[in-house]
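First the structure, in the form of C-alpha coordinates, and then the observations on it.
The values are calculated or read from the model by the stated rules, or taken from the named source; none is laboratory data. Quantities reported herein were computed from a predicted structural model and do not represent experimental measurements. Reconstructed Cβ throughout: ideal geometry from the backbone, glycine too, with neighbour counts over all protein chains shown. Calculation scope for accessible area: heavy atoms of the full protein, side chains included, ligands and nucleic acids excluded. Shrake-Rupley method; radii C 1.70, N 1.55, O 1.52, S 1.80 Å.
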Amino acid sequence: MSNIAFIGLGNMGAPMAQNLVKAGHALTVFDLVPAAVRMLTDAGARAAASATEAVAGADIVITMLPASRHVEGLYLGEDLLAHVQPPTLVIDCSTIAPDAARKVAAAARARGLDMLDAPVSGGTGGAVAGTLTFIVGGSEDALARGRPVLEQMGKNIFHAGPSGAGQVAKICNNMLLGILMAGTSEALALGVANGLDPKVLSDIIAKSSGRNWATELYNPWPEVMAHAPASKDYAGGFGTDLMLKDLGLAAEAALSARAATPLGELARNLYALHSQGGSGALDFSSIVRLYTQKPR
Ligand code: NAD
(Lines give C-alpha, C1' and ligand atoms only; values in the text may rest on other atoms or scores of the structure.)
Protein backbone atom coordinates (compact mmCIF):
# COMPACT_ATOMS: atom_id res chain seq x y z
CA MET A 1 0.00 0.00 0.00
CA SER A 2 1.24 3.51 -0.77
CA ASN A 3 1.19 6.96 0.74
CA ILE A 4 -0.74 8.97 -1.83
CA ALA A 5 -1.20 12.75 -1.99
CA PHE A 6 -4.44 13.58 -3.88
CA ILE A 7 -5.03 17.20 -4.87
CA GLY A 8 -8.30 18.39 -6.52
CA LEU A 9 -11.41 16.76 -5.08
CA GLY A 10 -14.14 17.92 -7.46
CA ASN A 11 -16.74 15.90 -9.36
CA MET A 12 -14.07 13.47 -10.57
CA GLY A 13 -11.27 13.71 -8.00
CA ALA A 14 -13.48 13.00 -4.97
CA PRO A 15 -14.78 9.58 -6.12
CA MET A 16 -11.35 8.63 -7.53
CA ALA A 17 -9.72 9.41 -4.17
CA GLN A 18 -12.48 7.51 -2.36
CA ASN A 19 -11.69 4.40 -4.40
CA LEU A 20 -8.02 4.64 -3.37
CA VAL A 21 -9.02 4.89 0.31
CA LYS A 22 -11.25 1.82 -0.16
CA ALA A 23 -8.29 -0.03 -1.74
CA GLY A 24 -6.36 0.50 1.50
CA HIS A 25 -3.94 3.33 0.60
CA ALA A 26 -3.05 6.07 3.09
CA LEU A 27 -4.41 9.23 1.42
CA THR A 28 -3.51 12.82 2.26
CA VAL A 29 -5.84 15.19 0.43
CA PHE A 30 -6.09 18.88 -0.41
CA ASP A 31 -8.60 21.08 -2.26
CA LEU A 32 -9.21 24.82 -2.17
CA VAL A 33 -12.83 24.07 -1.16
CA PRO A 34 -13.03 22.89 2.50
CA ALA A 35 -16.34 21.03 1.97
CA ALA A 36 -14.67 18.87 -0.70
CA VAL A 37 -11.91 17.95 1.75
CA ARG A 38 -14.45 17.08 4.48
CA MET A 39 -16.13 14.52 2.18
CA LEU A 40 -12.80 12.70 1.93
CA THR A 41 -11.85 12.90 5.60
CA ASP A 42 -15.28 11.40 6.36
CA ALA A 43 -14.25 8.54 4.04
CA GLY A 44 -10.96 7.97 5.93
CA ALA A 45 -8.41 10.29 4.29
CA ARG A 46 -6.16 12.73 6.14
CA ALA A 47 -6.58 16.45 5.38
CA ALA A 48 -3.56 18.62 4.56
CA ALA A 49 -3.60 22.38 5.08
CA SER A 50 -1.88 22.98 1.72
CA ALA A 51 -0.72 21.18 -1.40
CA THR A 52 2.85 21.41 -0.11
CA GLU A 53 1.88 19.70 3.13
CA ALA A 54 -0.06 17.03 1.19
CA VAL A 55 2.96 15.89 -0.84
CA ALA A 56 5.36 15.57 2.11
CA GLY A 57 6.34 11.89 2.40
CA ALA A 58 4.12 10.79 -0.53
CA ASP A 59 5.11 7.83 -2.76
CA ILE A 60 2.67 9.01 -5.41
CA VAL A 61 1.19 12.47 -6.08
CA ILE A 62 -2.08 12.64 -8.06
CA THR A 63 -3.73 15.87 -9.27
CA MET A 64 -7.22 16.26 -10.76
CA LEU A 65 -7.64 19.97 -11.52
CA PRO A 66 -9.83 21.89 -13.99
CA ALA A 67 -7.45 23.27 -16.66
CA SER A 68 -3.85 24.00 -17.80
CA ARG A 69 -3.57 27.18 -15.76
CA HIS A 70 -4.38 25.34 -12.52
CA VAL A 71 -1.87 22.56 -13.22
CA GLU A 72 0.93 24.91 -14.31
CA GLY A 73 0.03 27.29 -11.48
CA LEU A 74 0.32 24.57 -8.86
CA TYR A 75 3.38 22.61 -10.05
CA LEU A 76 5.40 25.53 -11.49
CA GLY A 77 3.86 28.80 -10.19
CA GLU A 78 3.58 27.62 -6.58
CA ASP A 79 6.64 25.40 -7.22
CA LEU A 80 5.02 22.28 -5.77
CA LEU A 81 7.57 20.15 -7.65
CA ALA A 82 10.31 21.53 -5.38
CA HIS A 83 8.54 19.87 -2.43
CA VAL A 84 8.23 16.43 -4.05
CA GLN A 85 11.15 14.12 -3.29
CA PRO A 86 12.42 11.56 -5.87
CA PRO A 87 11.55 8.76 -6.50
CA THR A 88 7.95 9.91 -5.96
CA LEU A 89 5.81 9.37 -9.07
CA VAL A 90 3.67 12.35 -10.16
CA ILE A 91 0.44 11.66 -12.07
CA ASP A 92 -1.73 14.48 -13.44
CA CYS A 93 -5.21 13.23 -14.41
CA SER A 94 -6.60 16.66 -15.45
CA THR A 95 -7.43 17.32 -19.11
CA ILE A 96 -5.02 20.08 -20.17
CA ALA A 97 -3.10 21.31 -23.23
CA PRO A 98 -0.47 18.82 -24.44
CA ASP A 99 2.16 21.60 -24.37
CA ALA A 100 1.36 22.37 -20.73
CA ALA A 101 1.64 18.66 -19.87
CA ARG A 102 5.03 18.45 -21.64
CA LYS A 103 6.28 21.59 -19.88
CA VAL A 104 5.38 20.33 -16.39
CA ALA A 105 6.76 16.83 -17.16
CA ALA A 106 10.07 18.37 -18.34
CA ALA A 107 10.30 20.42 -15.11
CA ALA A 108 9.60 17.23 -13.12
CA ARG A 109 12.31 15.36 -15.06
CA ALA A 110 14.79 18.15 -14.33
CA ARG A 111 14.18 17.43 -10.63
CA GLY A 112 14.64 13.68 -11.09
CA LEU A 113 10.90 12.93 -10.92
CA ASP A 114 8.87 10.67 -13.21
CA MET A 115 5.59 12.24 -14.35
CA LEU A 116 2.63 10.87 -16.29
CA ASP A 117 -0.17 12.77 -18.00
CA ALA A 118 -3.13 10.44 -17.39
CA PRO A 119 -6.41 12.15 -18.36
CA VAL A 120 -9.51 10.02 -17.98
CA SER A 121 -12.68 9.13 -19.80
CA GLY A 122 -15.83 7.60 -18.35
CA GLY A 123 -17.49 10.50 -16.54
CA THR A 124 -18.46 10.78 -12.90
CA GLY A 125 -20.28 7.42 -13.12
CA GLY A 126 -17.00 5.76 -14.17
CA ALA A 127 -15.11 7.59 -11.41
CA VAL A 128 -17.55 6.31 -8.75
CA ALA A 129 -17.60 2.76 -10.14
CA GLY A 130 -13.80 2.64 -10.58
CA THR A 131 -14.20 1.86 -14.29
CA LEU A 132 -12.46 4.89 -15.81
CA THR A 133 -10.32 4.72 -18.93
CA PHE A 134 -6.86 6.23 -18.35
CA ILE A 135 -5.13 7.64 -21.44
CA VAL A 136 -1.49 7.89 -20.48
CA GLY A 137 1.50 9.85 -21.78
CA GLY A 138 4.99 9.28 -20.38
CA SER A 139 7.68 6.59 -20.23
CA GLU A 140 6.94 2.85 -20.13
CA ASP A 141 8.79 2.63 -16.82
CA ALA A 142 6.76 5.39 -15.19
CA LEU A 143 3.53 3.77 -16.40
CA ALA A 144 4.64 0.41 -15.00
CA ARG A 145 5.08 2.12 -11.62
CA GLY A 146 1.71 3.89 -11.81
CA ARG A 147 -0.35 1.08 -13.30
CA PRO A 148 -1.32 -0.70 -10.03
CA VAL A 149 -2.81 2.51 -8.62
CA LEU A 150 -4.51 3.47 -11.90
CA GLU A 151 -6.08 0.01 -11.96
CA GLN A 152 -7.74 0.75 -8.62
CA MET A 153 -9.56 3.72 -10.22
CA GLY A 154 -10.08 2.42 -13.74
CA LYS A 155 -10.65 -0.56 -15.97
CA ASN A 156 -8.78 0.33 -19.17
CA ILE A 157 -5.29 1.79 -19.18
CA PHE A 158 -3.85 2.89 -22.53
CA HIS A 159 -0.31 4.05 -23.21
CA ALA A 160 -0.74 6.73 -25.91
CA GLY A 161 2.99 7.60 -26.20
CA PRO A 162 5.50 10.01 -24.59
CA SER A 163 4.61 12.98 -22.34
CA GLY A 164 1.67 14.95 -23.76
CA ALA A 165 0.40 12.05 -25.90
CA GLY A 166 -2.26 11.16 -23.32
CA GLN A 167 -3.63 14.68 -23.59
CA VAL A 168 -3.66 14.61 -27.40
CA ALA A 169 -5.69 11.37 -27.42
CA LYS A 170 -8.05 12.67 -24.75
CA ILE A 171 -8.67 15.89 -26.68
CA CYS A 172 -9.53 13.91 -29.84
CA ASN A 173 -11.97 11.78 -27.83
CA ASN A 174 -13.65 14.77 -26.21
CA MET A 175 -13.99 16.66 -29.47
CA LEU A 176 -15.90 13.64 -30.76
CA LEU A 177 -17.97 13.49 -27.55
CA GLY A 178 -18.92 17.17 -27.84
CA ILE A 179 -20.03 16.63 -31.43
CA LEU A 180 -21.97 13.46 -30.51
CA MET A 181 -23.77 15.11 -27.58
CA ALA A 182 -24.84 18.08 -29.74
CA GLY A 183 -25.87 15.73 -32.56
CA THR A 184 -27.81 13.46 -30.20
CA SER A 185 -29.60 16.51 -28.75
CA GLU A 186 -30.45 17.73 -32.24
CA ALA A 187 -31.86 14.34 -33.28
CA LEU A 188 -33.93 13.90 -30.11
CA ALA A 189 -35.32 17.46 -30.37
CA LEU A 190 -36.25 16.81 -34.00
CA GLY A 191 -38.10 13.63 -33.06
CA VAL A 192 -39.95 15.23 -30.14
CA ALA A 193 -40.91 18.25 -32.28
CA ASN A 194 -42.46 15.72 -34.65
CA GLY A 195 -44.46 13.97 -31.94
CA LEU A 196 -42.13 11.16 -30.78
CA ASP A 197 -41.58 10.09 -27.18
CA PRO A 198 -37.88 10.84 -26.36
CA LYS A 199 -37.49 7.53 -24.47
CA VAL A 200 -38.89 5.49 -27.37
CA LEU A 201 -36.68 7.36 -29.86
CA SER A 202 -33.62 6.86 -27.62
CA ASP A 203 -34.33 3.11 -27.38
CA ILE A 204 -34.59 2.94 -31.18
CA ILE A 205 -31.33 4.87 -31.75
CA ALA A 206 -29.52 2.74 -29.13
CA LYS A 207 -30.18 -0.34 -31.29
CA SER A 208 -29.70 1.37 -34.66
CA SER A 209 -26.86 2.91 -36.63
CA GLY A 210 -26.99 6.27 -34.81
CA ARG A 211 -26.05 4.46 -31.57
CA ASN A 212 -23.52 6.29 -29.38
CA TRP A 213 -22.41 6.79 -25.73
CA ALA A 214 -24.63 9.87 -25.28
CA THR A 215 -27.85 8.11 -26.27
CA GLU A 216 -27.02 4.86 -24.50
CA LEU A 217 -25.43 5.95 -21.22
CA TYR A 218 -25.71 9.72 -20.78
CA ASN A 219 -28.94 10.71 -22.46
CA PRO A 220 -29.40 14.51 -22.61
CA TRP A 221 -33.21 14.40 -22.46
CA PRO A 222 -34.69 14.75 -18.92
CA GLU A 223 -36.27 11.59 -17.44
CA VAL A 224 -35.05 9.25 -20.18
CA MET A 225 -32.33 7.90 -17.83
CA ALA A 226 -32.83 8.23 -14.08
CA HIS A 227 -29.06 8.29 -13.31
CA ALA A 228 -28.07 10.83 -16.00
CA PRO A 229 -27.43 14.51 -15.13
CA ALA A 230 -30.37 15.40 -17.45
CA SER A 231 -32.71 13.86 -14.84
CA LYS A 232 -31.05 15.91 -12.03
CA ASP A 233 -31.46 19.38 -13.55
CA TYR A 234 -28.02 18.91 -15.14
CA ALA A 235 -26.25 19.12 -11.75
CA GLY A 236 -22.83 17.43 -11.27
CA GLY A 237 -21.41 15.50 -14.22
CA PHE A 238 -19.10 17.22 -16.72
CA GLY A 239 -19.55 20.99 -16.83
CA THR A 240 -20.39 22.84 -20.06
CA ASP A 241 -17.39 25.11 -19.42
CA LEU A 242 -15.09 22.07 -19.12
CA MET A 243 -16.37 20.77 -22.47
CA LEU A 244 -15.86 24.25 -23.93
CA LYS A 245 -12.26 24.17 -22.60
CA ASP A 246 -11.65 20.78 -24.24
CA LEU A 247 -13.07 21.94 -27.59
CA GLY A 248 -10.77 24.98 -27.32
CA LEU A 249 -7.81 22.60 -26.75
CA ALA A 250 -8.89 20.67 -29.88
CA ALA A 251 -9.00 23.93 -31.86
CA GLU A 252 -5.48 24.83 -30.66
CA ALA A 253 -4.19 21.36 -31.56
CA ALA A 254 -5.80 21.68 -35.00
CA LEU A 255 -4.15 25.07 -35.58
CA SER A 256 -0.72 23.87 -34.57
CA ALA A 257 -0.93 20.80 -36.86
CA ARG A 258 -2.77 22.62 -39.71
CA ALA A 259 -5.57 20.04 -39.34
CA ALA A 260 -9.18 20.75 -40.36
CA THR A 261 -11.81 20.23 -37.62
CA PRO A 262 -14.97 21.92 -38.97
CA LEU A 263 -17.41 19.88 -36.86
CA GLY A 264 -15.29 20.38 -33.73
CA GLU A 265 -15.32 24.15 -34.36
CA LEU A 266 -19.09 24.15 -34.86
CA ALA A 267 -19.55 22.22 -31.63
CA ARG A 268 -17.21 24.65 -29.82
CA ASN A 269 -19.36 27.55 -30.98
CA LEU A 270 -22.58 25.82 -29.82
CA TYR A 271 -21.13 25.21 -26.32
CA ALA A 272 -19.81 28.81 -26.24
CA LEU A 273 -23.30 30.16 -26.99
CA HIS A 274 -24.77 27.83 -24.38
CA SER A 275 -22.23 28.96 -21.78
CA GLN A 276 -22.84 32.64 -22.58
CA GLY A 277 -26.55 31.98 -22.00
CA GLY A 278 -25.70 31.19 -18.35
CA SER A 279 -25.31 27.39 -18.52
CA GLY A 280 -21.53 27.12 -18.04
CA ALA A 281 -21.80 25.32 -14.70
CA LEU A 282 -24.48 22.86 -15.85
CA ASP A 283 -23.58 19.42 -17.18
CA PHE A 284 -22.66 19.60 -20.88
CA SER A 285 -25.65 17.46 -21.89
CA SER A 286 -27.77 20.57 -21.13
CA ILE A 287 -26.73 21.62 -24.67
CA VAL A 288 -30.10 20.02 -25.57
CA ARG A 289 -31.72 23.18 -24.17
CA LEU A 290 -30.32 25.15 -27.13
CA TYR A 291 -32.70 23.07 -29.24
CA THR A 292 -35.70 22.96 -26.92
CA GLN A 293 -36.02 26.41 -25.35
CA LYS A 294 -38.62 28.47 -27.15
CA PRO A 295 -37.72 32.13 -27.84
CA ARG A 296 -39.53 34.43 -25.38
P1 NAD B 1 -14.32 20.20 -10.84
O2 NAD B 1 -14.34 21.63 -11.20
O3 NAD B 1 -15.55 19.52 -10.30
O4 NAD B 1 -13.14 19.92 -9.76
C5 NAD B 1 -11.88 20.54 -9.78
C6 NAD B 1 -11.43 20.71 -8.33
O7 NAD B 1 -10.09 21.24 -8.31
C8 NAD B 1 -12.29 21.68 -7.52
O9 NAD B 1 -12.76 21.03 -6.35
C10 NAD B 1 -11.33 22.84 -7.21
O11 NAD B 1 -11.60 23.46 -5.96
C12 NAD B 1 -10.00 22.13 -7.21
N13 NAD B 1 -8.84 23.00 -7.40
C14 NAD B 1 -8.63 23.93 -8.36
N15 NAD B 1 -7.42 24.51 -8.20
C16 NAD B 1 -6.84 23.91 -7.13
C17 NAD B 1 -5.61 24.07 -6.46
N18 NAD B 1 -4.68 24.95 -6.87
N19 NAD B 1 -5.34 23.30 -5.37
C20 NAD B 1 -6.27 22.40 -4.94
N21 NAD B 1 -7.48 22.20 -5.52
C22 NAD B 1 -7.75 22.96 -6.61
O23 NAD B 1 -13.80 19.44 -12.14
P24 NAD B 1 -13.99 17.89 -12.51
O25 NAD B 1 -15.29 17.70 -13.20
O26 NAD B 1 -13.62 17.06 -11.32
O27 NAD B 1 -12.86 17.75 -13.65
C28 NAD B 1 -11.46 17.73 -13.34
C29 NAD B 1 -10.70 17.46 -14.63
O30 NAD B 1 -11.12 16.20 -15.18
C31 NAD B 1 -10.92 18.51 -15.71
O32 NAD B 1 -9.72 18.73 -16.40
C33 NAD B 1 -11.96 17.86 -16.62
O34 NAD B 1 -11.88 18.34 -17.95
C35 NAD B 1 -11.58 16.40 -16.51
N36 NAD B 1 -12.68 15.42 -16.73
C37 NAD B 1 -13.90 15.60 -16.16
C38 NAD B 1 -14.90 14.66 -16.39
C39 NAD B 1 -16.29 14.81 -15.78
O40 NAD B 1 -17.19 14.04 -16.19
N41 NAD B 1 -16.50 15.73 -14.84
C42 NAD B 1 -14.64 13.54 -17.17
C43 NAD B 1 -13.37 13.36 -17.70
C44 NAD B 1 -12.39 14.31 -17.47
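Being among the polar types (S, T, N, Q), in contact with a His (Cβ under 8 Å, 6 or more places away or on another chain) and under 23 Å from Val120 (Cβ atoms) is a property that does not hold for Thr261.
Given the structure, is Gly73 assigned to a loop (DSSP other than H, G, I, E, B) and either more than 14 Å from the ligand (Cβ to nearest atom) or under 19 Å from Pro119 (Cβ atoms) (or both)? Taking the combined requirement at face value, the residue does not satisfy it. For Thr133, are the conditions met, namely being surrounded by fewer than 22 Cβ atoms within 10 Å (Cβ to Cβ), assigned to a strand (DSSP E or B) and within 13 Å of the ligand (Cβ to nearest atom)? Criteria met by Thr133. Taking Val21, is it touching a residue at least 12 places away in the same chain (Cβ under 8 Å), touching a helix residue (DSSP H, G or I) at 6+ places or on another chain (Cβ under 9 Å) and either surrounded by 17 or more Cβ atoms within 10 Å (Cβ to Cβ) or assigned to a loop (DSSP other than H, G, I, E, B) (or both)? So Val21 fits the description; yes. Within segment 231-251, residues that are within 16 Å of Trp221 (Cβ to Cβ) and more than 9 Å from the ligand (Cβ to nearest atom) have Cβ atoms under 7 Å from residues that are modelled with pLDDT of 95 or more and part of a loop (DSSP other than H, G, I, E, B) in these pairs: Ser231/Pro222; Ser231/Glu223; Ser231/Met225; Tyr234/Leu282, counting only partners at least 6 apart in sequence or on another chain.
For first residues located in segment 102-116 and modelled with pLDDT of 95 or more, partners that are open to solvent by 50 Å² or more (accessible area, probe 1.4 Å) and not in a helix (DSSP H, G or I) and lie 6+ apart or on another chain with Cβ distances below 8 Å form the pairs Ala108/Asp114; Arg111/Pro86; Gly112/Pro86; Gly112/Pro87; Leu113/Pro86; Leu113/Pro87; Asp114/Pro87; Asp114/Ser139. Can you name the residue in segment 80-94 that is under 24 Å from Ala14 (Cα atoms) and either modelled with pLDDT under 95 or assigned to a helix (DSSP H, G or I) (or both) and, of all such residues, is nearest to the ligand (Cβ to nearest atom)? If we take residues in segment 80-94 being under 24 Å from Ala14 (Cα atoms) and either modelled with pLDDT under 95 or assigned to a helix (DSSP H, G or I) (or both), then Leu80 is nearest to the ligand (Cβ to nearest atom).
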